[in-house]
Amino acid sequence: MDHFQYAGDALHAEQVPLAEIAARAGTPCYVYSRATIERHWRAFDEAFGGHPHRICYAVKANGNLAVINLLARLGSGFDIVSGGELRRVIAAGGDPGKTIFSGVGKQDWEIREALAAGIACFNIESESEAGRVSALAAEHGRPAAISVRLNPDVDAKAHPYLSTGLRENKFGVDAARAAEIYRRAHADPNLRISGVACHIGSQLTDLAPYRDALRRVLDFADELAGLGIEIDHIDFGGGLGVRYRDETPPTPAEYCEVITREMRARKKTLPVVIEPGRAILGNAGVLLTRVLCIKRGAVSDFCVVDAGMNDLLRPALYQAYQEIVEVERRPRGEAAQYDVVGPVCESGDFLGKARRLNVRESDLLAVRTAGAYAAVMSSNYNARPRPPEVIVDGGEFHLARERESLEDLHRGERVLPE
């Protein structure tokens, strides 16, 4: 469910016409709906019912301070993968004590900052990392809470770049090695064992891989108990998919029911941590872009727009489909098929191919499902300033991040001395 709907022939974000936002903020421009963000977060929170849980929003999906602040107001925790994301959580008013630090390559300065901030837990990805966290916790003078990220070797059936739970992936450790890390941590005064973590991939639309992975995690938790090692939570990651085209992903209620059902079957009342990102923000945003020209080609006709692959990388990186619609609709009889392409100097610079649209030069288009992995993955390639981000709240909208200036593009750079 999202709050981007047509009123007559004009596409709105909540009660605001997108054409009005384009007129005032310019294009390209990312637009988010507050009502959609809050609805999606609450859907996860309410789905657990009375089972103890924490929703830790995955900041990597969209790290805008206003987005983080909205979720912090709801009581959300956060899942981070860098020291920069930790700084964002703190700057936005998020609680470090509800924050999980994931990722395979944590640097010493990041670990120190996380210890000083008092984060809830580190998700450990290797023996080496456990040793470094222990040494830095000793310097800090307080034990670090840890979970080990288990790699369950479960095929999530996602795009290869989005799969994280197979043996060949860089993420997590197998059960035998994980058990050894726990044994050493159990005897380490600088580490406090907190939970077991797992995350098998992103944009998942089938519950079967989740069920398989959860059973293996719960089996592993039983193995730890047999070793006299107790945990205080299960971190089951995120990854629930959204609809980009014709996918039918499970609802948050269906996803959470899989978790709670398996927990009940084992008579486990351990608190559960989940880390949704895309499922909260994906359909809560669009990318607004304006048609620069219609170009006739020998094989395809092109709709050239002012947003490019530097603004929305997913189509080029993942060959991903995202729906593209007219902001102001005309009679469908005049529609034609176009490749929607940007101005970046790459043949891979496209937002969509073979799209049927009724457009003329200077018309506005909206690329749907651009709330996650869009602005956060944007770049300055071809010396292009990154677009602004806007949040709509009912009948108003607010600038959450201003458009970069041309001067911003070389700020901090220096030429060599004569």
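Hey, Asp311 hits all of (1) in a helix (DSSP H, G or I); (2) touching a residue at least 40 places away in the same chain (Cβ under 8 Å) but one; which does it fall short on?
If we test Asp311 against (1) in a helix (DSSP H, G or I); (2) touching a residue at least 40 places away in the same chain (Cβ under 8 Å), just (1) comes out false.
Name the residue, out of Ile37, Ile21, that is crowded, with 23+ Cβ neighbours inside 10 Å and more than 26 Å from Glu247 (Cα to Cα).
Details: Ile37 fails: more than 26 Å from Glu247 (Cα to Cα).
After ruling out the rest, the residue left standing is Ile21.
For Val16, state whether it is of a type in the set (A, V, I, L, M), over 23 Å from Cys256 (Cβ atoms), touching a strand residue (DSSP E or B) at 6+ places or on another chain (Cβ under 8 Å) and surrounded by 21 or more Cβ atoms within 10 Å (Cβ to Cβ). Quick ask: steps written out before the conclusion?
Values: of a type in the set (A, V, I, L, M): yes; over 23 Å from Cys256 (Cβ atoms): yes; touching a strand residue (DSSP E or B) at 6+ places or on another chain (Cβ under 8 Å): yes; surrounded by 21 or more Cβ atoms within 10 Å (Cβ to Cβ): no.
Criteria not met by Val16.
Condition check ((1) closer than 20 Å to Glu389 by Cα; (2) within 15 Å of the chain's Cα centre (by Cα); (3) part of a strand (DSSP E or B); (4) in the same structural domain as Gly195 (by TED's automatic domain parsing)) across all residues:
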{"residue": "His12", "(1), (2), (3), (4)": "yes, no, yes, no"}
{"residue": "Ala23", "(1), (2), (3), (4)": "yes, no, no, no"}
{"residue": "Ile37", "(1), (2), (3), (4)": "yes, yes, no, no"}
{"residue": "Arg42", "(1), (2), (3), (4)": "no, no, no, no"}
{"residue": "Asp45", "(1), (2), (3), (4)": "no, no, no, no"}
{"residue": "Arg54", "(1), (2), (3), (4)": "no, no, yes, no"}
{"residue": "Val67", "(1), (2), (3), (4)": "yes, yes, no, no"}
{"residue": "Phe78", "(1), (2), (3), (4)": "no, yes, yes, no"}
{"residue": "Arg87", "(1), (2), (3), (4)": "yes, no, no, no"}
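Out of the residues in the range 382-418 that are free of Cβ contacts under 8 Å to residues at least 40 places away in the same chain and in contact with a helix residue (DSSP H, G or I) (Cβ under 7 Å, 6 or more places away or on another chain), which is surrounded by the most Cβ atoms within 10 Å (Cβ to Cβ)?
Going through the range 382-418, the residues free of Cβ contacts under 8 Å to residues at least 40 places away in the same chain turn out to be 383, 385, 402, 404-418.
After this cut, where a residue has to be in contact with a helix residue (DSSP H, G or I) (Cβ under 7 Å, 6 or more places away or on another chain) as well, the list is 383, 385.
Working: Ala383: 9, Pro385: 17.
Checked the range 382-418; the qualifying residue surrounded by the most Cβ atoms within 10 Å (Cβ to Cβ) is Pro385.
Tally the residues that are of a type in the set (Val, Ile, Thr), farther than 16 Å from Leu281 by Cα and not in a loop (DSSP other than H, G, I, E, B), restricting the search to the range 336-392.
We begin by selecting, within the range 336-392, every residue of a type in the set (Val, Ile, Thr); these are 340-341, 344, 359, 367, 369, 376, 390-392.
The next check asks that each one be farther than 16 Å from Leu281 by Cα; those that pass are 340-341, 344, 359.
Checking the rest, the ones that are also not in a loop (DSSP other than H, G, I, E, B) come to 340-341.
Here the count works out to 2.
How many of the residues in the range 319-332 are in contact with a helix residue (DSSP H, G or I) (Cβ under 6 Å, 6 or more places away or on another chain) and either polar (S, T, N, Q) or under 16 Å from Ala374 (Cβ atoms) (or both)?
1
Quick check on this structure: which one of Val258, Val273 is touching a residue at least 12 places away in the same chain (Cβ under 8 Å) and more than 19 Å from the chain's Cα centre (by Cα)?
Result: Val258 is the single residue among Val258, Val273 that is touching a residue at least 12 places away in the same chain (Cβ under 8 Å) and more than 19 Å from the chain's Cα centre (by Cα).
Which one of Arg245, Arg266 is within 25 Å of Asp363 (Cα to Cα), among the basic types (Lys, Arg) and not assigned by TED's automatic domain parsing to the domain that holds Ser378?
Working: Arg266 fails: within 25 Å of Asp363 (Cα to Cα).
So the residue among Arg245, Arg266 that is within 25 Å of Asp363 (Cα to Cα), among the basic types (Lys, Arg) and not assigned by TED's automatic domain parsing to the domain that holds Ser378 is Arg245.
In the range 50-77, which residues are of a type outside the set (D, E, K, R) and closer than 18 Å to Cys256 by Cα? Working first, answer last.
To start, the set of residues in the range 50-77 that are of a type outside the set (D, E, K, R) comprises 50-53, 55-59, 61-72, 74-77.
Matches in the range 50-77: Gly50, His51, Pro52, His53, Ile55, Cys56, Tyr57, Ala58, Ser76, Gly77.
For every residue, the table says whether it meets (1) crowded, with 16+ Cβ neighbours inside 10 Å; (2) modelled with pLDDT of 90 or more.
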{"position": "Ser194", "(1), (2)": "yes, yes"}
{"position": "Pro209", "(1), (2)": "yes, no"}
{"position": "Ile231", "(1), (2)": "yes, yes"}
{"position": "Asp246", "(1), (2)": "no, no"}
{"position": "Lys267", "(1), (2)": "no, no"}
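With respect to Ala354, is the statement that it is over 22 Å from Glu389 (Cα atoms), touching a Ser or Thr at 6+ places or on another chain (Cβ under 8 Å) and touching a residue at least 40 places away in the same chain (Cβ under 8 Å) true? So that I can check it myself, show each step before the final result.
Values: over 22 Å from Glu389 (Cα atoms): yes; touching a Ser or Thr at 6+ places or on another chain (Cβ under 8 Å): yes; touching a residue at least 40 places away in the same chain (Cβ under 8 Å): yes.
Yes, satisfied.
Which of the residues that make up the range 288-322 are hydroxyl-bearing (Ser, Thr, Tyr), more than 26 Å from Arg403 (Cβ to Cβ) and modelled with pLDDT of 95 or more?
Passing the criteria: only Tyr321.
Is it the case, given these coordinates, that Ala117 is within 18 Å of Arg54 (Cβ to Cβ), surrounded by fewer than 24 Cβ atoms within 10 Å (Cβ to Cβ) and assigned by TED's automatic domain parsing to the domain that holds Ala187? Outline the logic, then answer.
On the way: within 18 Å of Arg54 (Cβ to Cβ): yes; surrounded by fewer than 24 Cβ atoms within 10 Å (Cβ to Cβ): yes; assigned by TED's automatic domain parsing to the domain that holds Ala187: yes.
For Ala117, the condition - within 18 Å of Arg54 (Cβ to Cβ), surrounded by fewer than 24 Cβ atoms within 10 Å (Cβ to Cβ) and assigned by TED's automatic domain parsing to the domain that holds Ala187 - is met.
Using the structure shown, decide if Val173 is modelled with pLDDT of 95 or more and closer than 30 Å to Gly118 by Cβ. First the steps, then the outcome.
On the way: modelled with pLDDT of 95 or more: no; closer than 30 Å to Gly118 by Cβ: yes.
No, not satisfied.
The values are calculated or read from the model by the stated rules, or taken from the named source; none is laboratory data. This is a predicted model, so every value here is computed, not measured. Cβ atoms come from the backbone with ideal geometry, glycine included; neighbour counts cover every protein chain shown.
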